[in-house]
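Take a look at the structure set out below.
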Ligand code: B16
Ligand code: MG
């Protein structure tokens, strides 16, 4: 018998806010300074992955090897500074369309809600968009040691909510995040284009016109 969903865990970048575009712009700028380009399709590989692991993938894309650990730290810091210039300008207006309504509906219906993000900047973003105290739990890149597709971030979320993983459903915009949720034994709904999220149980383009019947029918 399928278990009744009691908790919903949201990825942050690309689901609640469109920071995925800021990550892309900053990685592209870094690639350009090293003499190569990063396409939107290649950028899909970086979504949901930690900063340093993303850098390794970027260096592979640019066929740039022999970079010392110290240089890697400097490159990652440079990317993060560019990225932060954009997120520091964010306001509550940057919450993606339909998201706030959907979250409020979930709260009214007594679902537990959490954030499960790989980002070390999640706290800053939640503060900027006025949602720091909105969620029942926030698990981000500062609380985990293994990045998606490892299930750690979502298992910690379920644990903090005190709900078994099989009663959790995850919204994710990255294939690595869908895999992480599946590895945690959770149901998944992808946010984005179906071709980028082949392993998701279901895919929606965003939260505009979406209501909680999508959970009840999962
Ligand atoms: P930071 P999410 C992820 O956030 C992003 O998708 C990914 O592109 C980024 O590299 C990662 O966070 C680490 O972010 O550099 O801010 O620590 O999608 O899991 O909310
Ligand atoms: Mg994401």
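Bear in mind that the values in this text are calculations on the coordinates, not laboratory data. Note that this is a predicted model, so its numbers are computed, not measured. Glycine gets a Cβ as well: all are built from the backbone with ideal geometry, and neighbour counts include every protein chain shown.
The helix-only estimate of mean residue ellipticity at 222 nm for the chain, built from DSSP H runs of length n ≥ 4 each weighted as -39500 (n - 2.57), is -12000 deg cm²/dmol after division by the residue total.
Distances between every pair of Cα atoms in the stretch 48-130, grouped in 10 Å steps from 0 to the bin holding the largest one, split as 14, 35, 27, 17, 7, 0 percent. Rounded to two decimals, the Cα radius of gyration of the stretch 173-218 over 2.2 N^0.38 Å is 1.10. Rounded to the nearest 10 degrees, the inclination of helix 99-108 to the longest alpha-carbon principal axis of the chain is 30 degrees.
Let me make sure I get this right: for the stretch 122-169, a, b and c are the square roots of the gyration tensor eigenvalues over alpha carbons, sorted descending. Under 1.5 in a/c it's rounded, otherwise prolate if a/b > b/c, else oblate. Which is it? In terms of gyration-tensor shape, oblate. Projected label points at residue 134 and residue 18, each 7 Å from Cα along the beta carbon direction, are separated by 1.7 nanometres. Stokes-Einstein diffusion for the chain, with the hydrodynamic radius set to the Kirkwood value over Cα pairs and evaluated at 37 °C in a medium of 0.692 mPa s, equals 187 µm²/s. By the count of other C-beta atoms within 10 Å, a proxy for reagent exposure, 118, 50 are ordered fewest to most as 50, 118.
In summary, the convex hull built on the alpha carbon positions of the stretch 70-171 has an orientation-averaged projected area of 7.4 nm². Computed on the Cα atoms alone, the convex hull of the stretch 20-87 gives a volume of 74 cubic angstrom per residue. Rounded if a/c is under 1.5, else prolate if a/b beats b/c, else oblate: with a ≥ b ≥ c from the C-alpha gyration tensor eigenvalues square-rooted, which is the stretch 127-218? Rounded. Each Cα pair under 8 Å and six or more residues apart adds its sequence gap; the mean of these over the residue count of the chain is a relative contact order of 26 percent.
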